[in-house]
Amino acid sequence: MSGQFDKLVVGIDLGTSGARAVAMAVDGTVVASGAAKLSAFSADHRDPVGWWKAVQAALAEALGCIDRRKVVALSIDGTSGTMLPVDRTGAPLATPMMYNDPVADRALLDAVSAHAPRESAAHGATSGLAKLLAFQSLPGVFRVIHQADWLAGHFTGLYDVSDENNALKTGYDPVSRSWPDWMERTGARVELLPDVLPAGAPIATIAPEAADAFGLSDDVVVVAGTTDGCASFLATGADRPGDGVSALGTTLTVKMLSDRPLFAPEYGLYSHRIGEMWLAGGASNTGGVVLAEHFSPERIATLSAGIDPAIDTGLGYYPLVKPGERFPIADPDFAPRMSPRPADDATFLKAIFEGIAGVESLAYQRLTSLGGPALRSLRSVGGGAKNAAWSAIRARKLGVPFLSASSEEAAAGTARLALAGARKAGVL
């Protein structure tokens with residue numbers, strides 16, 4: 001299939017359960033893909049050897065479907081906040097700390113809390129900065145780096161380069177584009193942190209050993225990647241301020257491109273820098289978890305067929321499984337609003353759909369009120385996006401054009417960064 005394309009790029013995604021790789025043409029068409037589960041290579045999801053073997057397998061599968069000599073650039077994403085200490089050769093010196101692994105040492109967390117500005121994403125027990133403090137005293141440590149940095153190092157031989165998105169939770173300031181001075185006051189050895197490049201910036205040409213291992217040309221450009229969450233957004237094709245993406249999974253997550261950074265830590269809201277734009281978003285406690293509390297997937301499909309999405313029930317639900325909301329309302333005691341319950345199940349399901357859509361609408365209004373642009377278009381991903389009745393209700397509530405997502409694969413978003421890097425490097 002790829003014979004019609006002169007040049008290709010590759011995007012690689014390492015998520016929580018496995019690796020995926022896609023080959024993409026200059027026009028954004030995905031021409032090949034590969035996948036591998038982490039469990040096939042290691043029983044421990046913290047095992048870096050397993051990470052790399054999964055990446056190798058996924059990449060080999062994708063490259064096996066194309067003329068690999070046409071690949072001009074590649075990029076890789078990883079889970080945000082996953083970090084590991086390495087020596088000068090890139091060898092791990094301890095078991096990595098995953099994105100959701102907390103640092104238990106209270107003194108380290110207090111040091112961050114005392115000096116990090118309120119709007120910094122470095123607060124919290126799972127932050128990259130806390131992990132740096134935990135790792136920095138290991139004998140022989142050369143750098144403390146992010147998962148994506150380590151994997152990219154296998155292609156470049158460099159284990160001291162990161163990107164602005166992965167660096168955010170480690171304390172990086174995306175506005176000044178620097179590791180800020182306050183970090184040293186926490187006791188952090190900032191010299192152990194990687195140099196940071198913008199996502200999509202060329203890092204280096206591929207190392208000869210990596211080129212030989214994968215049968216790639218020796219002039220392939222390795223491009224600074226991103227986090228898996230940012231990659232998923234980029235995969236949809238959203239690329240202008242006001243473009244929003246809603247993920248309708250277990251919870252509701254909204255993200256929007258902005259022409260200015262938005263920071264509201266009380267909502268868990270931070271902004272990733274992507275090019276000259278900013279990706280801001282928040283996560284609500286509503287979503288598919290509420291639907292699953294009341295209906296099976298089969299029952300939802302049956303009831304949805306009888307819903308008229310054009311007429312509102314007027315019930316005004318705020319659907320939650322239990323008290324507590326993060327965004328667009330920040331209140332740990334916020335009470336669910338799901339009564340009265342109609343006798344008719346279809347009407348009850350419709351009211352839940354309407355309620356979640358109302359929260360979604362309020363979430364985008366909140367982003368605008370915090371300084372972001374007005375929502376101009378929406379792309380939807382996740383299981384809920386496939387429900388036609390719910391989508392029609394959402395379209396009525398949100399009042400903006402609903403556009404198709406180009407892809408839901410994070411690897412496709414990372415491939416888009418590879419395209420950008422290839423253009424900057426002059427190979428496209």
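Gln147 is checked against (1) touching a residue at least 24 places away in the same chain (Cβ under 8 Å); (2) open to solvent by 40 Å² or more (accessible area, probe 1.4 Å) and fails just one. What number does that condition carry? Tallying (1) touching a residue at least 24 places away in the same chain (Cβ under 8 Å); (2) open to solvent by 40 Å² or more (accessible area, probe 1.4 Å), Gln147 fails exactly one: (2).
Within the group Gly124, Gly90, which residue is outside any helix (DSSP H, G or I) and either open to solvent by less than 10 Å² (accessible area, probe 1.4 Å) or at pLDDT 95 or above (or both)? Gly90 is the lone residue from the list that is outside any helix (DSSP H, G or I) and either open to solvent by less than 10 Å² (accessible area, probe 1.4 Å) or at pLDDT 95 or above (or both).
Within segment 387-411, residues that are over 15 Å from Ile307 (Cα atoms) have Cβ atoms under 6 Å from residues that are β-branched (Val, Ile, Thr) and part of a loop (DSSP other than H, G, I, E, B) in these pairs: Ala405/Thr236; Ser406/Thr236, counting only partners at least 6 apart in sequence or on another chain.
Restricting attention to segment 375-428, and to residues there that are among the hydroxyl-bearing types (Ser, Thr, Tyr) and open to solvent by 20 Å² or more (accessible area, probe 1.4 Å), which single residue is farthest from Gly28 (Cα to Cα)? Looking at the filtered set, the residue picked out is Ser391.
Here Leu257 clears all of (1) within 27 Å of Arg143 (Cα to Cα); (2) open to solvent by less than 40 Å² (accessible area, probe 1.4 Å); (3) under 19 Å from the mean Cα position of the chain (by Cα) except the condition numbered (1). Under the condition of being under 29 Å from Gly426 (Cα atoms), touching a strand residue (DSSP E or B) at 6+ places or on another chain (Cβ under 6 Å) and open to solvent by less than 50 Å² (accessible area, probe 1.4 Å), the residues counted in segment 58-87 number 12. The condition (being at pLDDT 95 or above, more than 21 Å from the chain's Cα centre (by Cα) and not in a loop (DSSP other than H, G, I, E, B)) is satisfied by just one residue among Ser33, Ser75, Ser42, Ser113: Ser113. For segment 283-307, the tally of residues that are over 29 Å from Tyr267 (Cα atoms) and open to solvent by less than 70 Å² (accessible area, probe 1.4 Å) stands at 8.
In segment 360-374, what count of residues is obtained for those that are farther than 24 Å from Glu119 by Cβ and either surrounded by fewer than 23 Cβ atoms within 10 Å (Cβ to Cβ) or among the hydrophobic types (A, V, I, L, M, F, W, C) (or both)?
1
Among the residues examined, Pro328 does not qualify as at pLDDT 95 or above and open to solvent by 30 Å² or more (accessible area, probe 1.4 Å).
Could you check segment 151-182 and list, in sequence order, the residues that are in a helix (DSSP H, G or I) and either surrounded by fewer than 24 Cβ atoms within 10 Å (Cβ to Cβ) or in contact with a Phe, Trp or Tyr (Cβ under 6 Å, 6 or more places away or on another chain) (or both)? Result: Leu151, Gly153, His154, Thr156, Asp181, Trp182.
Set side by side, the residues Asp218, Asp243, Asp228, Asp212 differ, and just one is farther than 30 Å from Leu158 by Cα and of a type in the set (D, E, K, R), which is Asp243. Considering only residues in segment 182-212 that are free of Cβ contacts under 8 Å to residues at least 12 places away in the same chain and over 27 Å from the mean Cα position of the chain (by Cα), the one that is nearest to Val141 (Cα to Cα) turns out to be Glu184. Out of everything in segment 21-57 that is acidic (Asp, Glu) and open to solvent by 50 Å² or more (accessible area, probe 1.4 Å), what residue ends up being farthest from Gly11 (Cα to Cα)? Top of the filtered list is Asp44. Within segment 96-121, being open to solvent by 10 Å² or more (accessible area, probe 1.4 Å), under 18 Å from Thr79 (Cα atoms) and of a type outside the set (A, V, I, L, M, F, W, C) holds for Tyr99, Asn100, Asp101, Pro102.
Would you check if Lys131 is over 22 Å from Glu164 (Cβ atoms) and part of a helix (DSSP H, G or I)? No; evaluated as a whole, the condition is false for this residue. Might you let me know whether segment 338-348 holds any residue that is at pLDDT 95 or above and assigned to a strand (DSSP E or B)? No, the conditions are met nowhere in segment 338-348. Conditions: (1) over 25 Å from Asp239 (Cα atoms); (2) surrounded by 15 or more Cβ atoms within 10 Å (Cβ to Cβ); (3) out of contact with any strand residue (DSSP E or B) (no Cβ under 8 Å at 6 or more places or on another chain). Asp333 meets all but one. Number of the miss? Single failed check for Asp333: (2).
The values are calculated or read from the model by the stated rules, or taken from the named source; none is laboratory data. Please read these numbers as outputs of a predicted model, since none were measured by experiment. We place every Cβ from the backbone using ideal geometry, glycine too, and count neighbours over all the protein chains shown. Accessible surface is based on the protein model in full, side chains and every heavy atom, while ligands, DNA and RNA are left aside. Shrake-Rupley method; radii C 1.70, N 1.55, O 1.52, S 1.80 Å.
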